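What follows is a set of notes on a single structure, which appears directly below.
The values are calculated or read from the model by the stated rules, or taken from the named source; none is laboratory data. Everything numeric in this text was worked out from a predicted model, so none of it was measured. Areas reflect the complete protein model, heavy atoms only, side chains present, ligands, DNA and RNA absent. Shrake-Rupley method; radii C 1.70, N 1.55, O 1.52, S 1.80 Å.
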Amino acid sequence: MSLLALVVLAFSMSMDAFSVAIVKGATLRSVSITQAMKQGLIFGVVEAIAPIIGWALGQAAHQWIRAVDHWLGFVLLTLLGIRCIYNALTNDRRQEVDQNLNISMDNGQTTGRNSMWLFITAIATSIDATVVGVTLAFLQVNIWLAAALIGLATTIMATMGLYLGRQLGDRFGKGAMIAGGVLLIIIGCSILYRDLMA
C-alpha cells in the first residue's frame with residue numbers, strides 16, 4: 001500500500017471515534033482544547049495498538065490463507081465499511097454511546113466515571129482497527145507506520161469531535177461515519193483489483 005493509501009485508511013478508521021467523540025462532546029457543558037486533546041490521545045493510543053494485534057494474528061495465519069489473502073482483505077474491509085454506513089443510518093452508534101454515558105457519566109463531571117467511559121469506548125471503536133490489522137498482515141505494509149498513522153489520525157479526529165461536538169451535532173457525525181465506511185469499501189475494492197490485475 002502507498003503512503004497515500006495508508007493516510008486515507010488511517011482517517012477512514014478514525015471516523016468511528018470521531019462520531020462517538022462528537023456525541024460525547026455534545027453532552028458536555030464545556031470542554032477545553034487541553035481536555036479534548038488528553039481524551040483524544042486515549043482514543044489514538046488504543047486505536048494504534050489494535051491494528052498491531054490484528055497484524056500479529058494475521059501473520060500467524062498467513063501461511064494457511066496466502067492464496068486468498070486479497071479476497072479476505074476485500075471482504076473484511078467491505079463488511080466494515082457496510083457496518084459503518086449501517087450504524088450511521090440506524091443510529092446504533094448513538095444508542096451505544098448513550099448507554100455508555102448513562103453507565104459511566106454523572107452530568108459530564110465525574111472524572112473517574114469519565115475515564116471509564118473513555119476506556120470502554122476507545123476499545124469499542126478500536127475493534128475495527130484490529131480487523132484492519134489482520135488485513136494489513138496480508139499486504140506489503142509497514143505495520144508500525146500504519147499503526148502510527150491510524151493512532152495520529154484518531155487522536156486528531158477524536159480531539160476535534162470532543163471539542164466541537166456541541167457545535168457540530170449528530171448530523172455531522174453521521175456523515176463522517178458514512179464517509180469512513182465508503183472509504184473502507186473503496187480501499188477493499190482497490191486491494192482486490194490490484195491483486196487480480198497483477
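Observations on the structure shown:
- Surface accessible to a 1.4 Å probe, Leu6 within the full protein complex, Å²: 10
- Computed lengthening from Ile127 to Ser30, 0.36 nm per intervening residue step minus Cα-Cα distance: 32.0 nm
- Stretchable slack from Ala56 to Met197, in nm (0.36 nm times residue separation minus alpha-carbon distance): 48.0 nm
- Extension gain, Val182-Trp144: 0.36 nm per intervening residue step, less the Cα-Cα distance, totals 11.2 nm.
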